[in-house]
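S.K.: The structure follows.
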Amino acid sequence: MSALVLNDVYLHALYETAFSSITDYLPKDTNTLVEIGAGDGISRNFLPKSILTDIEYHPILDAACKSDQMPFKSGSVDALVLKDTLHHLPDVELFLNEANRVLRVGGRIVIFDPYWGILAKFVYRFLHQEPFDQNTNTWSFESKSPWDSNQALSYLLLRRDRARFEREYPFFEIREHKVLVGPSFLISGGVSRRTIVSGRLLRLLLKWEMRQSQRFNFLRFFHIFSLTKTS
């Protein structure tokens, strides 16, 4: 997938936008940076000093491990990055507990994941291959493959079940930072279903979208939020 993204004008701009925005919200004194769900390591092009991990082995990765069984000492990690990964975690509670273990006080989880705006919710529910289940009574789901997911997970954590989240994880300070990427993502077809629309045209549209105010959020597809360990 790395070659596809890096050689496509729009997809490269999309990933550059995502990782640049993620970088904006890392702790200023970040030295040990770990990416969860790094796949084939495309983020090495955008976060060159990060430690890349995924549940499945790939030669470019630094470690193959589960998100709830990380090979790091307690309190040794400054930041964890999850780009399009959170909604693939079948038991997010196990991950949050493990993240609390490996992060130092002041360390942070920075997450880029599907948003729940009007357009995004429609697309994710009816046009996307991955489910968006906002009515489930649990944060977990059965997983037989790393690609299994619930794209509504961040909605469940930050909106529907926010009170429960804050009650059960009081050591994490939640901050919602930015909603980004609009209709250019839909028109492009995404990574797996690229359309014939010009990548250069889509890149221009992406740049225009990023300049729009919060009033444009109902047309956006992704958001960035963070969880900072306070104690």
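S.K.: Tell me the label-point distance for the pair S143, R162, using the 7 Å Cα-to-Cβ offset, in nm and rounded to one decimal.
M.R.: Result for the modelled spin labels: 2.6 nm.
S.K.: Name the most mobile residue of N31, N135, N217, meaning the one with the largest mean-square fluctuation, in a Gaussian network model of the chain with Cα contacts below 10 Å.
M.R.: Residue with maximal mean-square fluctuation among N31, N135, N217: N135.
S.K.: Another one. Output the relative contact order of the chain, whole-number percent, from Cα pairs under 8 angstrom with separation of 6+ residues.
M.R.: 22
S.K.: Still on this structure, I have one more. Taking the Cα-to-Cβ direction at N31 and at Q214 and moving 7 Å from each Cα, how far apart do the two end points lie in nm?
M.R.: 3.7
S.K.: Moving on. Per the helix-only calculation at 222 nm, which mean residue ellipticity applies to the chain, given -39500 (n - 2.57) for every DSSP H run of n ≥ 4 and division by its residues, nearest 500 deg cm²/dmol? Can you show the working numbers first?
M.R.: On the way: 7 runs with 67 residues, N = 231.
Rounded to the nearest 500, it is -8500 deg cm²/dmol.
S.K.: If you average the alpha carbon positions of the range 105-130 and of the range 145-203, how far apart do those two centres end up, in angstrom?
M.R.: If we compute the Cα centre of each part, the gap is 2 Å.
S.K.: Determine which aspartates and glutamates satisfy two conditions relative to K28: a Cα distance under 18 Å, and not lying fewer than 8 residues away in the same chain.
M.R.: D78, E173, E176
S.K.: Applying 1/(1 + (r/R0)^6) with R0 = 22 Å to the Cβ-Cβ distance of F122 and I187, what FRET efficiency is obtained, to the nearest 0.05? Don't skip to the answer; put the middle values down first.
M.R.: Numbers: r = 15 Å, r/R0 = 0.66.
E(calc), rounded to 0.05, equals 0.90.
S.K.: Picking from F185, F126, F221, which is most flexible by a Gaussian network model of the chain using Cα springs under 10 Å?
M.R.: Maximum fluctuation in the GNM of the chain, among the listed residues, is at F126.
S.K.: Same structure, new question: Let me spell out the model: positive unit charges on the Cβ of Lys and Arg, negative unit charges on the Cβ of Asp and Glu, origin at the Cα centre of the range 101-231. What dipole size does that give, in debye rounded to 20?
M.R.: Working: 22 positive and 11 negative charges, 104 e Å.
Roughly 500 debye, rounded to the nearest 20.
S.K.: How would W208, W147 line up from fewest to most surrounding beta-carbon atoms within 10 angstrom?
M.R.: W147, W208
S.K.: Further question on the same structure: Efficiency by 1/(1 + (r/R0)^6): what FRET value for I196 and Q129, r their Cβ-Cβ distance, R0 = 25 Å, to the nearest 0.05?
M.R.: My answer for the efficiency is 0.80.
S.K.: With 10 angstrom as the radius, rank Y10, Y25, Y115 by how many other C-beta atoms surround their C-beta, starting from the fewest. The partial results should precede the final answer.
M.R.: Numbers: Y10 25, Y25 19, Y115 22.
If I rank by nearby Cβ atoms, fewest first, I get Y25, Y115, Y10.
S.K.: Putting +1 on Lys and Arg Cβ atoms and -1 on Asp and Glu Cβ atoms, find which of L6, S74, L201 reaches farthest to the positive end of the dipole of the chain.
M.R.: L201
S.K.: Kindly rank 195-207, 152-164 from highest to lowest mean number of other beta carbons found within 10 Å of each residue.
M.R.: 152-164, 195-207
S.K.: What dipole magnitude, in Debye to the nearest 20, does the range 1-127 give about its Cα centre under +1 on Lys/Arg Cβ and -1 on Asp/Glu Cβ?
M.R.: In total the dipole reaches around 260 debye.
S.K.: Moving on to the next point. What is the gain in length, in nm to one decimal, between K207 and D24 on full extension, counting 0.36 nm per residue of separation less the C-alpha to C-alpha distance?
M.R.: Values: separation 183, 0.36 × 183 = 65.88 nm, distance 1.72 nm.
Computed gain between K207 and D24 is 64.2 nm.
S.K.: Based on other C-beta atoms within 10 Å, arrange I187, I118 from fewest to most.
M.R.: I118, I187
S.K.: So which GluC sites (Glu not before Pro) in the range 124-220 end up in coil per DSSP with only 11 or fewer other C-beta atoms within 10 Å? List each step's numbers first, then the result.
M.R.: Details: sites: E142, E166, E168, E173, E176, E209; in loops: E142.
Qualifying residues, ordered by number: E142.
S.K.: Let me spell out the model: positive unit charges on the Cβ of Lys and Arg, negative unit charges on the Cβ of Asp and Glu, origin at the Cα centre of the range 3-69. What dipole size does that give, in debye rounded to 20? If you can, show how the numbers build up before the last one.
M.R.: Working: 4 positive and 10 negative charges, 31 e Å.
For the range 3-69, the charge dipole is close to 160 debye.
S.K.: Given the range 2-229, what percent of its DSSP beta bridges are antiparallel, to the nearest 5?
M.R.: Working: 15 of 29 bridges.
So the antiparallel bridges amount to about 50 percent of the total.
S.K.: Give, as a single signed number, the net charge of other residues whose beta carbon lies under 12 Å from the beta carbon of G39, with Lys and Arg counted +1 and Asp and Glu -1.
M.R.: Neighbour charge sum, excluding G39 itself: -3.
Where a number appears in this text, it was derived from the coordinates with a stated rule and is not lab data. Just so it is clear, the model here is predicted, and its values are computed rather than measured. In this analysis, Cβ positions are derived from the backbone assuming ideal geometry, glycine residues included, and neighbour counts consider all displayed protein chains.
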